[in-house]
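Chemist: The structure's right below; bear with me while I get my questions together.
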Amino acid sequence: MRTTTPLRRALITVTATAAVVLTATGSAVAVPVSGTAAAPHAIAHPLSALHPVVELAAERLATADLVAAAKWGTDSPIDDPAREQQVLDNVAAQAQQLGADPDEIRVIFRDQIEANKLVQRGLFQRWTDHPDQAPTTKPDLSVVRQEINRVTSALVEALATTADDRDAFTCRPELALAGLQVHHEDHLDALHTRALARALRSVCGS
């Protein structure tokens, strides 16, 4: 179905209220436009149906800081193929139970995993360059993973609930607006903003 001219203009207006951070793969998440009055108005918008998805993706990304701190100075690699496969198998099984497409959920969570590793690598580089900023205590990785599992399960549910919204032609502008709101709410820095963009790359089906 072709978008009508007024609706096309409305979508352009929504996306124009934010600067879009593009990853090398073309994914995007909205962040506030510095020095304009448009961004605060966008943040005040009613929350879209996709807001919980973006919020949970950001919450999952926040655990990357703890994972990085737990691995820093140890032999534990950032890449953990066995753990990653376990996560993908678990989310696919949960998706199937919820009536969602397990293959689609796998793809989205592959992005979540890559985004998490992007944060870990960024923090490792920061701590290497600035040892005074490196963590001095190590979180218990098993406890951190319990939190990751909780957020992961909630995110699968949110993705299953929003399947129709994610297939709609309005998904990308709504995702951009939700990204803007979460960026503002969570005060994301540049590293976590790039990672959130990576995490959301495959959320929209169209």
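The values are calculated or read from the model by the stated rules, or taken from the named source; none is laboratory data. Worth saying up front: this structure is predicted, and the values here are computed from it rather than measured. Here the Cβ is made from the backbone with ideal geometry for all residues, glycine too, and neighbour counts use every protein chain on show. Ligands, DNA and RNA are stripped out before the accessible areas are found, and what is left, the full protein with its side chains, is counted by its heavy atoms. Shrake-Rupley method; radii C 1.70, N 1.55, O 1.52, S 1.80 Å.
Chemist: Give the whole-number value, in cubic angstrom per residue, of the convex hull volume spanned by the C-alpha atoms of the range 143-206. Spell out each step's value before the answer.
Modeler: Values: hull volume 6.1 nm³, N = 64.
Dividing the Cα hull volume of the range 143-206 by its residues yields 95 Å³.
Chemist: Could you pull the accessible area for residue 182 with a 1.4 Å probe, rounded to 10 Å²?
Modeler: Roughly 0 Å² of residue 182 is accessible to a 1.4 Å probe.
Chemist: Here's a follow-up. Could you work out what % of the accessible surface of the range 49-112 is carbon and sulfur, using a 1.4 angstrom probe and leaving DNA, RNA and ligands out of the count?
Modeler: With neighbouring chains kept in place, the figure for the range 49-112 is 51 percent.
Chemist: Largest first, what is the accessible-area ranking of 128, 74 with a 1.4 Å probe?
Modeler: Numbers: 128 85, 74 60 Å².
The ordering from most to least exposed comes out as 128, 74.
Chemist: Could you list the chymotrypsin sites (Phe, Trp or Tyr not before Pro) in the range 74-171 that lie in coil according to DSSP, counting only those with at most 16 other Cβ atoms within 10 Å of their Cβ? It would help to have the intermediate numbers written out before the result.
Modeler: On the way: sites: 109, 124, 127, 169; in loops: 169.
For chymotrypsin sites (Phe, Trp or Tyr not before Pro) across the range 74-171 that sit outside H, G, I, E and B with at most 16 neighbouring Cβ atoms in 10 Å, the list reads 169.
Chemist: For q = 0.21, 0.24 Å⁻¹, what log10 I(q)/I(0) does the range 55-156 give under the Debye formula with an equal point scatterer on each alpha carbon and no solvent?
Modeler: Rounded to two decimals, the profile gives -1.08, -1.34.
Chemist: Cβ under 11 Å from residue 68's Cβ, residue 68 left aside: what net charge do those residues give with Lys, Arg +1 and Asp, Glu -1?
Modeler: Numbers: positive: 71, 117, 121, 126, 138; negative: 65.
Taking every Cβ under 11 Å from that of residue 68, the sum is +4.
Chemist: Within 9 Å, Cβ to Cβ, of residue 120, how many net charges do the neighbouring residues add up to if Lys/Arg are +1 and Asp/Glu are -1? List each step's numbers first, then the result.
Modeler: Details: positive: 71, 117, 121; negative: 65.
Result for the neighbourhood of residue 120: +2.
Chemist: On the full set of protein chains, 1.4 Å probe, figure out the accessible area of residue 137 and give it in Å² to the nearest 10.
Modeler: Rounded to the nearest 10, the figure is 100 Å².
Chemist: Rounded to whole Å and sorted largest first, list the principal axis extents of the Cα atoms in the range 117-160.
Modeler: 42, 21, 11
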